[in-house]
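Asker: Please find one structure pasted underneath; my questions will follow.
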Amino acid sequence: MAAATSIPEIKDFRDVIHLLEEHPEWQADLRRVILTNDLLALPQQVDRLIEAQTHTDKQIQALTEAQQRTDAQLAALTIKVDALTEAQQRTDVQLVALTEAQKRTHLQLEDLIGVVRSLTQIVQGLVNDVAKLKGYGLEMHYRQHGAPFFGTAIHRPHVLSDDEATELIEAAIEQGTLSETEAEEIQRADLIVRGRRKPDGVTVYLVIEVSWTVDADDVERAARRADLLAKTGLTVFPGVAGETVGSGAARLAQALQAWQITDAKTIPPTA
């Protein structure tokens, strides 16, 4: 058996400390005696807290890194948004410029349309004037050289001069068969041609309207003026003469029993 350890006499707390330093194995027993279980467990709890804090620190570090990545992504997104905003602003500026250019183009187009309309009116006026001049020229041609054209319709055709036409019409006014208004209407006829009807030799008159291109209005005027002249008791037929006769005018001429005379041919009214 081991000899019992002799314990020196303890006079004060310093002696206790000295003994504990000489015998460190007594410290654990002393702690169990002095400290409560909670205090004894405190180092382990502190270790767990330290471990938990370390884990928390790691989580915070991970969150910090994630936040940094988010901040970086947000910064990159902000740059993209800024670039998109600048691009949109440039697009808006370009759109405004394009809108203004479109307005200018629209105004220029309206001006151009106005010019084209004016030119169209001028050209149409020129066309009408040329048509009238052609019609006047054709009328003079028929007045001076009518025999070859009207000869297919009547024998020995004679285009009445203005004096002859006036004398014929004034005589009808004096006889009371024509009014002044009716006489004026007949005198507006382009040509009045006298001749003999081929089948029986009866003297007849053709009231002719001349146009470069004969239309329905020409046929209607010729028929109306022929009817007025027929009121004097003369045998009168309407007729139209021109370079060409429109299809509508040709149908109306047949319906109103009017002669159609062109350089190419003479078409008599249907029986």
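Where a number appears in this text, it was derived from the coordinates with a stated rule and is not lab data. Being a predicted model, the structure only gives us computed values, none of them experimental. All Cβ positions, glycine included, derive from the backbone under ideal geometry; neighbour counts span all protein chains shown.
Asker: Where both partners of a DSSP beta bridge lie in the chain, what percent of those bridges are antiparallel, to the nearest 5?
Answerer: Among the beta bridges of the chain, antiparallel pairing accounts for roughly 50 percent.
Asker: At LEU98 and ARG32, where each label point lies 7 Å from the Cα along Cα→Cβ, what is the point-to-point distance in nanometres?
Answerer: Going from the LEU98 label point to the ARG32 one covers 9.1 nm.
Asker: What's the angle, to the nearest 10 degrees (0 to 90), between helix 37-144's Cα axis and the longest principal axis of the chain?
Answerer: The helix 37-144 is inclined about 10 degrees to the chain.
Asker: Once fully extended, how much extra length lies between ILE79 and THR152, figured as 0.36 nm per residue of separation less the alpha-carbon to alpha-carbon distance?
Answerer: Full extension from ILE79 to THR152 adds 16.6 nm.
Asker: Going by average Cβ neighbours within 10 Å, how do the peptides 164-176, 208-220, 72-84 rank, with the highest at the top?
Answerer: Final packing ranking: 208-220, 164-176, 72-84.
Asker: Could you tell me the center-to-center distance, by alpha carbons, between region 234-257 and region 41-65 in angstrom?
Answerer: Here the answer is 119 Å between Cα centres.
Asker: Suppose R0 equals 22 Å. What FRET efficiency, 1/(1 + (r/R0)^6) with r the Cβ-Cβ distance, do MET140 and ASP200 give to the nearest 0.05?
Answerer: E between MET140 and ASP200, to the nearest 0.05, is 0.10.
Asker: If you don't mind, another one. Taking each pair of different alpha-carbon atoms in region 13-106 once, compute 1/r for the pair, average those values, and report the inverse of that mean as the Kirkwood hydrodynamic radius in Å to one decimal.
Answerer: Evaluated over region 13-106, this radius sits at 20.7 Å.
Asker: Between the helical axis of 25-34 and the dominant principal axis of the chain, each derived from Cα atoms, what acute angle in degrees is found, rounded to the nearest 10?
Answerer: Rounded to the nearest ten degrees, it is 70.
Asker: Follow-up question, since we're still on this one. Figure the gain on full extension for ILE17 and GLN88 (residue separation times 0.36 nm, minus the Cα-Cα span) and round it to one decimal in nm.
Answerer: Contour length minus Cα-Cα distance gives 17.3 nm.
Asker: Right, here's the next one. How long is region 145-267 along each principal axis, judged by its Cα atoms, biggest number first, in Å?
Answerer: Computed over the Cα atoms, the extents are 40, 29, 23 Å.
Asker: Please arrange ARG143, ARG104 by counting, for each residue, the other beta carbons lying within 10 Å of its beta carbon, fewest first.
Answerer: Ranked by crowding around the Cβ, least crowded first: ARG104, ARG143.
Asker: Then there is this: Report relative contact order for the chain in percent, whole number only (criteria: Cα-Cα under 8 Å, sequence separation at least 6).
Answerer: 11 percent
Asker: Then there is this: Taking only the Cα atoms of the chain, how large is their convex hull per residue, in Å³?
Answerer: Here the figure is 393 Å³ per residue.
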